[in-house]
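Enquirer: This is the structure, below, for whatever I ask next.
Any read-out appearing in this document is the output of simple, stated calculations on the displayed coordinates, not a laboratory observation. Please read all numbers here as calculations on a predicted model, not as lab measurements. As a convention, Cβ positions derive from the backbone with ideal geometry for all residues, glycine included, and neighbour counts pool all protein chains shown.
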Amino acid sequence: MPTALITGASSGIGKAFAQELAARKTNLVLVARSEEKLSQLAKELQEEHKIQVDVILKDLTEPNAACAVFEATKAKGLTIDLLINNAGLGYYGDFAESDGERQIKIVQLNVLALVDLTHKFLPLMRQRRSGSIINVSSITAFQPIPYLSVYAATKAFILSFSEALWAENRQYGVCILVTCPGPIETNFFTEANFPPALASTTEKGYSSEKVVWESLEALEKGYPTVISSDTTTQMRSKLSRLVPRKLLLNMLAKHFKA
């Protein structure tokens, strides 16, 4: 059986990836902070699908956490065939008035941990001439988002980074996909401190399960990028690149200001 490592596996998209891959008879390495949630999920998946599930408890906002995860897989003698960099963090608010440490944690988790894990596992995949990496970005990657400035910037980084790696690694038999979900039904809006009035106006028509299904289908087809959202949201994101920058920023600031 192949083995997939999933970060942020205790809830949302990460949990949905774990459930779908388990159903496809893929052994799992689940990474997150919550021991209770991970242990329960691991038990459920092992019992239902008869697969091997390893759990690594690690807070990826901590420096060198990615290295610790990599070393843990080596110690267990695991070969990672699919790396899913899903763990992410966001926070709503005026950047100048925000908690600086929180913003640094967003960069540490969304960018540095993702880059570090990718750099650890990618060379091994190239040596084997097989393997895949899915990096979870966001629909916010396609334009700056006032009041989500750091979060959106990290997601733009993930998009650019992943598409570049797709081009670099095709010749080595390694598939790279970046998936850009639109608003979905997760606990992101609560954890990111979204004002209730603003969160309620944000369309959340997609489920984590649909994002996962579309991502795995796109990976099988060798696509570099998939936007998992309704057609209207997809068109808005693509058209945003054609709108004059000043006009776009003013529109976005007006929309996202509480």
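Enquirer: Run the paramagnetic zone check for Gln52: 7 angstrom along Cα to Cβ, then residues of the stretch 12-46 with backbone nitrogen under 15 Å.
Expert: Only 25-30, 46 pass the distance filter.
Enquirer: Anything over 27 Å Cα to Cα? Flag those among Lys15/Lys257; Lys15/Lys221; Lys58/Lys254; Lys15/Lys238; Lys155/Lys210, in the order listed.
Expert: Listed pairs above 27 Å: Lys15/Lys257; Lys58/Lys254; Lys15/Lys238.
Enquirer: So, one more: Between (1) 1.08; (2) 0.99; (3) 1.18, which matches Cα Rg over 2.2 N^0.38 Å calculated for the structure shown?
Expert: (2)
Enquirer: Loop only per DSSP, at most 10 neighbouring Cβ atoms within 10 Å: give me the trypsin sites (Lys or Arg not before Pro) in the stretch 100-156, ordered by residue number.
Expert: Here the trypsin sites (Lys or Arg not before Pro) that fit, given the DSSP loop and packing criteria, are Arg129.
Enquirer: By count of other Cβ within 10 Å, fewest leading, how are Glu62, Glu214 ordered?
Expert: Fewest-to-most Cβ neighbours within 10 Å comes out as Glu62, Glu214.
Enquirer: Okay, next question. Taking 8 Å as the Cα distance limit and 6 or more residues as the minimum spacing, I'd like the relative contact order of the stretch 1-114 as a percentage.
Expert: After rounding, I find 30 percent.
Enquirer: Under 16 Å Cα to Cα from Lys76, which aspartates and glutamates show up? Leave out anything in the same chain fewer than 8 places away.
Expert: Asp54
Enquirer: Separate question: Convert each backbone phi in the stretch 166-181 into a coupling constant with the Karplus relation 6.51 cos²θ - 1.76 cosθ + 1.60 (shift: θ = phi - 60°), then list the ³J(HN,Hα) values in order as whole Hz, x for Gly and Pro.
Expert: 4, 5, 6, 10, 4, 5, 9, x, 10, 9, 10, 10, 10, 10, 10, x
Enquirer: Please list, ordered by chain and number, the residues whose modelled amide H lies under 5 Å from the amide H of Ser228; skip anything fewer than 5 residues away on the same chain.
Expert: For Ser228, the qualifying residues are Cys180, Gly182.
Enquirer: What ³J(HN,Hα) values, in whole Hz, does the Karplus curve 6.51 cos²θ - 1.76 cosθ + 1.60 give for the stretch 108-121 when θ = phi - 60°, with x put for Gly and Pro?
Expert: 4, 6, 6, 10, 5, 5, 4, 5, 5, 4, 4, 5, 6, 8
Enquirer: For Ile227, Ile176, what's the fewest-to-most ordering of other Cβ within 10 Å of each Cβ?
Expert: With the sparsest Cβ surroundings first, the list reads Ile227, Ile176.
Enquirer: Report the local net charge at Glu71: Lys and Arg +1, Asp and Glu -1, summed over other residues whose C-beta lies under 11 Å from its C-beta.
Expert: Every neighbour counted, the sum reads +4.
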